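Structure, as structure tokens:
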Amino acid sequence: MYKVYSKTLPVMVCLMVWMMPAAFASPFIWPPVLQDSLPSSPVERSLVNQPVLRSAVVNAINNRVADLRPGDTLAPVLPFDKLGLSGLHPGARMQFVQYMSAGNTTAGIAKMQRAFDGLKDSTKQALYIDNKLRGFYALKQQQLPGGFTLPGKPENQLKGVSWTSTYSDSTAMMSGWWNEGTIQDVFSVGSIPFQLNYSTLSGYDYTNTTLQDAHFMKISFDREAYLDKINQQLQRKYDLKKYFLQDLDVKSSMKQYAAEQLMAIKGGKDSLGASLSADQLMYLDSAQLSNVLIRNRDTSAAYYDKVMALKKQMGGVKEMNKMLGSGQAVKGNIEGLLQKPENSSRIAGNLLHMSPLQRLMMNMKELKVGSIGANASKGSLSDLFMTGASGSFLKGNKFMMLAAGRSNELGVQDAGLQSATGRGNYSMQFLRIGRGDIGNKQSHVSVLNANAKPQQQYGFSTAAISRNVFVGAVSQQLSLGEIGTLDFELSKSSGQFGNSSQDAAAVSKSAAGHFLDDMWATASIGMAYNGDVKKIGLTHKVYFNYAGLGYVNPGAPFAGRGTLQYGFFLKRSWLRNRAVVSLRTDIRDLAVSPLTDNKRKSLQYAFDARYRFTRRFTLSMNVLQNTLNETTDAGKYTAFLNRKISFASQANGTLAGKSFSNNSSLGIQQLNYMQPEAPVKSLFINAASMQTWMAGPGMVMISALYSRDVNNAAVYNNLLNTEAGYQYFLWKLSCSSSLIYLDNKDVVTQVGLRQQAAAQLFKHWSLSVSADGRQNLRNTAANYYYGKFNTAISLHYQIN
């Protein structure tokens, strides 16, 4: 295995070295417009650079806002001429100043006026005025002088409380009684909503000693609810279609603007230049317009220069047609955009008065605190459960993720199995920065620092010594256009051990200082190609992963080290997804020792097919083979084989005028355990069926599960489990009564009765009770696997 790695890894590393700079540069093919970006057209560009549209907006505002009446006083004056808003009449100016001053203190208004007095032509200032003018035009009636902030009053909404207690007399369980309680709550602080989930689990064993209780609490930022709240506030205050100038008659506005400017050039007097119309100015190109003016011998040079300058300002014929057609071109896009809160709320920073924290949370993708699961990528913090906090931030195309916490991997059952260098409890800090969201044209660099030390828990002490692990990773997703995407990730770890007298800081510095040591043994490389051909309904994936024997990543505890893994996936659909076929192959080589060629190799092949004959009947098939081959000093042999083929059907319809449904499966499975001492070869027949149909006021349910080893090699897998029941309403109770028969060959044979009842109490309370009593028809030494009595009671409070 080492010889193979030593030949293939240099090629991979050369490829990685060539690709690594891409993590800090622009991706191979970057989309011109992000998926959630606002529509882009001449209508949406800055009004400062489009005097025609600006004039149209000014005229529309003047027509909507009443002018000053005798006795009215004008609000503090802004430099309207410098801002390009000289066309606003006094009444509109007064309301515009009120709009810009809303929510500001006297000192803030004075500061704003001083800033405008020294206004310079800059892009930032132009965008500020543009957004304010659009916002003032889009303002709904009677919204001044204020009220543009988000509701600041704290809110709380209890979603539900539940408690469940269960009891079983099966001695195979750690506890007879188990209790589980949950609380779900939603609260808002400063209009920022959070979800709270709390659960507790407790049990009492048969020796009357209390087991260690488990408590889990998570507080998470509800991004969807926050954006929805922002969008609702925007909709109350503004007509967002007006913000995008969707209601403007651009053609009429342009013609009016052209006529006004021509009249202004002529000084309001009739002259030979009066023969030039607004239509000529708009639709003639510069050469044609010049010829018209030159042919008119009475046209002065000054008049000629001013008209040609106006033509340049309004743009050529191509730009004119694009401007006229832009309104209709983006109309559908704007309407679709406004239906999604995550899009329309992006302009909230320009239209609402928000605190710095509220603005920050608009770009917060995720924020979790407590008992959380972190899933950043396959290389770091993947499928990790820890106690701590994590958050990800995306603004524009810049991404950042931070996480810190402690993983908790020690259980009572593992206490005697911990080694000095094995997994332990790690305190971790994680940072990821880059471009693009995770899994969306991303280019990221991440680092993870983890420290472990001996732990005391449940009265046990782990044997772990002080250890620090430092992991760095670079990931890149390249867009290949229509043929798909290519994902690449390089990860490298470094670990150092200390002793009880060494502090964590010293060990941590040591690990980072040795990051480049043992490059091949402590590296992990992953590549994957994903694509699809939509015309023929084909989806495909090819992947390759490598991890050295010394690679350690506490952020991905289930990632294998010393492995070489590769495979592919193909999926094809026909007839509008009525027929679907998929094929998957996964091959994995696991090196057992760095000194020998001993290894394990697993090969898995899976084939799935499904055909929907009608809306009421579907048939599917699955073929699977999984093998584990061992290579030792004694030779090669197959240690494990799992091979099966199964058929499943889903049907629903009516029988004798009553609705019914059926789910059934039938399969053959071969299981071989080639242990040197006692090899086991089993051949199973597996069948399962569940049938329901309406009968009278209720529903009949029958289920059966059958598994039989025809070679009689299995001990516990020869099983027949059947249940027949009736679900019905009794007064205000929803009830279910079932008869049960269970036969596990040479283990237990039981018959029993299960009764369930549930009720809705006092509108918000619900109660469910179940009891399962059974009688053993056969007594064996293994009867303790199956209890004779189980009961559960659940009480739930739902606020809504």
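The values are calculated or read from the model by the stated rules, or taken from the named source; none is laboratory data. Here the structure is a predicted model, which means the values were calculated and not measured. Note that we place each Cβ from the backbone using ideal geometry, even for glycine, and neighbour counts take in every protein chain shown. The accessibility values were calculated without ligands, DNA or RNA, using every heavy atom of the protein model including side chains. Shrake-Rupley method; radii C 1.70, N 1.55, O 1.52, S 1.80 Å.
Just to check your reading of the model, which residue among R612, R643 is within 30 Å of A678 (Cβ to Cβ) and assigned to a strand (DSSP E or B)?
Unique residue meeting the criteria: R643.
Could you list all residues from the range 147-169 that are open to solvent by 30 Å² or more (accessible area, probe 1.4 Å) and either on the phi > 0 side of the Ramachandran plot or outside any strand (DSSP E or B) (or both)?
Selection gives G147, P151, G152, K153, P154, D169.
With farther than 15 Å from K788 by Cα, part of a strand (DSSP E or B), at pLDDT 90 or above and in contact with a Ser or Thr (Cβ under 9 Å, 6 or more places away or on another chain) as the only criterion, which of Y741, Y728 stands out?
Y728
For the condition in contact (Cβ under 8 Å) with a residue 40 or more places away in the chain, over 17 Å from A56 (Cα atoms) and open to solvent by less than 70 Å² (accessible area, probe 1.4 Å), what is the one hit in F221, F244?
F221
Just checking, how many residues over the range 702-734 are within 22 Å of S766 (Cβ to Cβ), among the hydroxyl-bearing types (S, T, Y) and either touching an Asp or Glu at 6+ places or on another chain (Cβ under 9 Å) or open to solvent by 60 Å² or more (accessible area, probe 1.4 Å) (or both)?
Selection size over the range 702-734: 1.
Quick one: in the range 536-560, which of the residues that are hydrophobic (A, V, I, L, M, F, W, C) and either in a loop (DSSP other than H, G, I, E, B) or in contact with a Pro (Cβ under 9 Å, 6 or more places away or on another chain) (or both) is nearest to S446 (Cα to Cα)?
My answer is A556.
Take the residues in the range 289-309 that are assigned to a helix (DSSP H, G or I) and among the small types (G, A, S), then tell me which one is nearest to E260 (Cα to Cα).
Checking each candidate, the answer is A309.
Please go through (1) surrounded by 15 or more Cβ atoms within 10 Å (Cβ to Cβ); (2) under 27 Å from L448 (Cβ atoms); (3) not β-branched (V, I, T) for P594 and return the number of the only condition it doesn't satisfy.
Condition (1) is where P594 drops out.
Give the residues of the range 772-791 that are aliphatic (A, V, I, L, M) and either part of a helix (DSSP H, G or I) or open to solvent by 40 Å² or more (accessible area, probe 1.4 Å) (or both), sorted by residue number.
Selection gives L777, A781.
Looking at (1) at pLDDT below 90; (2) closer than 30 Å to S355 by Cα, find the lone condition where Y206 falls short.
(2)
Within the range 143-161, does at least one residue satisfy the condition of being touching a helix residue (DSSP H, G or I) at 6+ places or on another chain (Cβ under 8 Å), of a type in the set (F, W, Y) and modelled with pLDDT of 75 or more?
yes
Residues to consider are K318, K368, K322, K378; find the one that is within 30 Å of Q477 (Cα to Cα), at pLDDT 65 or above and open to solvent by 10 Å² or more (accessible area, probe 1.4 Å).
K368
For the range 489-531, name all the residues that are open to solvent by 40 Å² or more (accessible area, probe 1.4 Å) and at pLDDT 90 or above.
Matches in the range 489-531: Y529, N530.
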